[in-house]
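Below: one structure, written as structure tokens.
Every number here is computed from the coordinates shown, using simple stated rules; none is lab data. What you see is a predicted model; the values in this text were computed from it and never measured. Every residue, glycine among them, receives a Cβ derived from its backbone with ideal geometry; neighbour counts consider all protein chains shown.
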Amino acid sequence: MAQFWFSILLAFFMVLTAVSGQGGRGREMVPAMFIFGDSLIDNGNNNNLPSFAKANYFPYGIDFNGGPTGRFSNGYTMVDGIAELLGLPLIPAYSEASGDQMLHGVNYASAAAGILDITGRNFVGRIPFDQQIRNFQTTLDQITANLGADNMARAIGRCIIFVGMGSNDYLNNYLMPNYPTRGQYNGQQYADLLVDKYAQQLTSLYNLGARKFVVAGLGLMGCIPSILAQSPAGGCSEEVNQLVLPFNANVKTMINSLSANLPGIKFTYIDVAHMFQDIVANARSYGLTVVNRGCCGIGRNRGQITCLPFQTPCPNREQYVFWDAFHPTEKVNVIMARKAFSGDRTFIYPVNIEQLANLDNETN
């Protein structure tokens, strides 16, 4: 069975190596997309882990064709929307992918995971970014053994590498009372620590052949239902919003530095915070009416306890920004995917994903 899969994969990548990625509806713009991140884009990698960070139960997936899969949403995540816009099928989870399911990429994201290995330990099982990179290397090693290093390098150089990390390094590390980090670092120092590590990790992906990177910044985490629920007035926490600003600033600086120092590398930065601001400020124009509480959850802002198994969610999910205490609804994920794919520099820098996919890339 393994040899059968590798034969298919070999033929697939050889064709893609010979022909440039082509845009257009129904046409695959890139050979594949490989995804690294946390629960915002996890699609099932935690399902079989001894972890408290799971979403493989109803009502998660209530609006997804496959039902509960491990996605922390009622339906699509942002990377699901991006995959479709790239002309790709939905990308399978690393833990579940086999055979020809892996032909268009793999999703390594894991709920509770962070840039730092220690992040998310309160949830027990999770797959930190360093381990996600090792899993990616395992995938590439298997393919390269059959395809050959040169052909593999050319194919991987045209693939999209989507990375969305950092949220848990704040929510499930720095802001947690049982972690020492807040006493060790101020906000700027912690952002420096995270992004120094982040740069090393992205360089590791580059050294494995990745060239086209999409990096998502952090959103306004002070406005998620979990944080809103901690405010007596139910308002956004400016302290938390200000805390993550240095991280986003550092990531932009990191992207410019890596672009200058790593030949052939290309970046797209998604300004998630600005996207969120736009969605909330113009909620009604997007068909959204509820911006400050989850559709599924318990307590103040439906954010004190997140969505429980078989809990009945709100019926008007299309009108909600947030699905649960931490995560957007499918509606918002799709809006953000479209902005990231074809938006202007208001939300995405220096090029959008569509432009990134169409860039000719030298593989070094």
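The set of residues in segment 165-179 that are in contact with a strand residue (DSSP E or B) (Cβ under 9 Å, 6 or more places away or on another chain) and not small (Gly, Ala, Ser) contains only MET165. Applying the set (1) more than 21 Å from the chain's Cα centre (by Cα); (2) in a helix (DSSP H, G or I) to MET176 leaves exactly one unmet item: (2). With the requirement that a residue be farther than 25 Å from GLN137 by Cβ, out of contact with any Ser or Thr (no Cβ under 9 Å at 6 or more places or on another chain) and in a loop (DSSP other than H, G, I, E, B), what does segment 70-94 give you? If the condition is that a residue be farther than 25 Å from GLN137 by Cβ, out of contact with any Ser or Thr (no Cβ under 9 Å at 6 or more places or on another chain) and in a loop (DSSP other than H, G, I, E, B), then TYR76, GLY87 are the ones that fit. If the condition is being more than 18 Å from GLY81 (Cα to Cα) and crowded, with 24+ Cβ neighbours inside 10 Å, then segment 302-333 contributes ARG302, GLY303, CYS307, ASP324, ALA325, PHE326.
Can you tell me which residue in segment 310-364 is nearest to ARG300 (Cα to Cα), limited to those that are of a type in the set (D, E, K, R) and in a loop (DSSP other than H, G, I, E, B)?
Quick first cut of segment 310-364, residues of a type in the set (D, E, K, R) only: 317-318, 324, 330-331, 338-339, 344-345, 354, 360, 362.
Retained after the next criterion (residues that are in a loop (DSSP other than H, G, I, E, B)): 324, 344-345, 360, 362.
Values: ASP324: 12, ASP344: 36, ARG345: 36, ASP360: 50, GLU362: 52 Å.
Per the stated criteria, the residue is ASP324.
Step by step: first the residues of segment 287-301, then only those that are assigned to a strand (DSSP E or B) and surrounded by 20 or more Cβ atoms within 10 Å (Cβ to Cβ), then the one that is nearest to the chain's Cα centre (by Cα). Which residue is that? Checking each candidate, the answer is GLY294. With respect to ALA191, determine if the residue is crowded, with 22+ Cβ neighbours inside 10 Å, out of contact with any His (no Cβ under 9 Å at 6 or more places or on another chain) and among the small types (Gly, Ala, Ser). Against the criterion (crowded, with 22+ Cβ neighbours inside 10 Å, out of contact with any His (no Cβ under 9 Å at 6 or more places or on another chain) and among the small types (Gly, Ala, Ser)), ALA191 qualifies. Whenever a residue of segment 254-269 is under 18 Å from GLY157 (Cβ atoms), its partners that are basic (Lys, Arg), lying with C-beta atoms within less than 7 angstrom and at least six residues away or across chains, give the pairs GLY264/ARG211; ILE265/ARG211; LYS266/ARG211; LYS266/LYS212. Looking at ASN207, ASN173, can you tell me which residue is surrounded by 19 or more Cβ atoms within 10 Å (Cβ to Cβ) and closer than 30 Å to THR138 by Cβ? Criteria check complete, one pass: ASN173.
If you go through segment 33-52, how many residues are of a type in the set (A, V, I, L, M) and surrounded by fewer than 24 Cβ atoms within 10 Å (Cβ to Cβ)?
Initially, segment 33-52 is screened for residues of a type in the set (A, V, I, L, M), giving 33, 35, 40-41, 49.
Filter again for surrounded by fewer than 24 Cβ atoms within 10 Å (Cβ to Cβ), leaving 49.
Of the residues in that region, 1 qualify.
Among the numbered conditions (1) assigned to a helix (DSSP H, G or I); (2) among the aliphatic types (A, V, I, L, M); (3) farther than 18 Å from ASP42 by Cα, the only one that LEU171 does not meet is (3).
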